[in-house]
1. Within segment 38-47, how many residues are closer than 21 Å to Pro78 by Cβ, touching a residue at least 12 places away in the same chain (Cβ under 8 Å) and surrounded by fewer than 19 Cβ atoms within 10 Å (Cβ to Cβ)?
2. Conditions: (1) surrounded by 10 or more Cβ atoms within 10 Å (Cβ to Cβ); (2) more than 15 Å from the chain's Cα centre (by Cα); (3) within 21 Å of Glu23 (Cβ to Cβ); (4) modelled with pLDDT of 95 or more. Ala58 meets all but one. Number of the miss?
3. For segment 101-112, state whether one or more residues are modelled with pLDDT under 95, of a type in the set (A, V, I, L, M) and surrounded by 11 or more Cβ atoms within 10 Å (Cβ to Cβ).
4. If you check every pair at least six apart or on different chains, which have Cβ atoms under 6 Å apart with a residue in segment 14-36 that is hydroxyl-bearing (Ser, Thr, Tyr) first and a residue that is open to solvent by 30 Å² or more (accessible area, probe 1.4 Å) and assigned to a helix (DSSP H, G or I) second?
5. Would you call Arg69 free of Cβ contacts under 8 Å to residues at least 60 places away in the same chain, part of a helix (DSSP H, G or I) and basic (Lys, Arg)?
6. Given the residues Pro89, Pro82, which is the only one that is open to solvent by 60 Å² or more (accessible area, probe 1.4 Å), touching a helix residue (DSSP H, G or I) at 6+ places or on another chain (Cβ under 8 Å), not in a helix (DSSP H, G or I) and not polar (S, T, N, Q)?
7. Give the residue, chosen from Leu77, Leu35, that is over 15 Å from the mean Cα position of the chain (by Cα), more than 15 Å from Met102 (Cα to Cα) and surrounded by 15 or more Cβ atoms within 10 Å (Cβ to Cβ).
8. Please indicate, with yes or no, whether at least one residue in segment 20-29 is open to solvent by 60 Å² or more (accessible area, probe 1.4 Å) and in a helix (DSSP H, G or I).
Amino acid sequence: MTEHGTTGQLVDWVVALMSPESEPSPTRDYYLTLLRQGRGVPEAVRLSIDDLLEEVRAAVAREEPYNPRTHRSRLGLPSYVPMSPHRLPRPALVRRITQERMGIERGPGRRGEGNPRR
C-alpha cells in the first residue's frame, strides 16, 4: 500500500473514532471531557487528536498495536462518558485538523487554499 493510502486510512480512522456511530473510544471520550471542562470545539478536537497521534506514535515505537484500554487508563478517563451526538464535531472539522496535525497538504481547489498562515 502506498504511503498516501495508509495516511488516508489513518485520517479516516480518526474521523470514524469521533462519529456518533462508533463504539466509545478514548479519543471521543477525551474530546467530550474537554468540552465539559470548558474548552471550545476546535481546541478540544486538536487536543484529543494530538493525544491520539502521540499514543499511536508511542505504540509504533514500542512495536505494539494501539491499545485503547491503555490509552483510556493513561488519560484517567472513566469507563463510561455520556455521549450526546449533537456535541460531537463535524467530520470535516476532524478531517481538517487531523490532516493539519499530520502535516498533510490539502489538494488544490479545496477551501483554505492559499492560507497565509501556512
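1. So the answer is 1.
2. Every listed condition holds for Ala58 apart from (3).
3. Looking through segment 101-112, at least one residue is modelled with pLDDT under 95, of a type in the set (A, V, I, L, M) and surrounded by 11 or more Cβ atoms within 10 Å (Cβ to Cβ).
4. What qualifies is Ser22/Ala16; Tyr30/Leu75.
5. Spelling it out, Arg69 is indeed free of Cβ contacts under 8 Å to residues at least 60 places away in the same chain, part of a helix (DSSP H, G or I) and basic (Lys, Arg).
6. Just a single option satisfies the conditions, and that option is Pro82.
7. Criteria check complete, one pass: Leu77.
8. Taking every residue of segment 20-29 in turn, none turns out to be open to solvent by 60 Å² or more (accessible area, probe 1.4 Å) and in a helix (DSSP H, G or I).
The values are calculated or read from the model by the stated rules, or taken from the named source; none is laboratory data. Small disclaimer: the values here were computed from a predicted structure and weren't measured. Using ideal geometry, Cβ is built from the backbone for each residue, glycine included, and neighbour counts are taken over all protein chains shown. Just the protein is used for accessible areas: all its heavy atoms, side chains included, with ligands, DNA and RNA removed. Shrake-Rupley method; radii C 1.70, N 1.55, O 1.52, S 1.80 Å.
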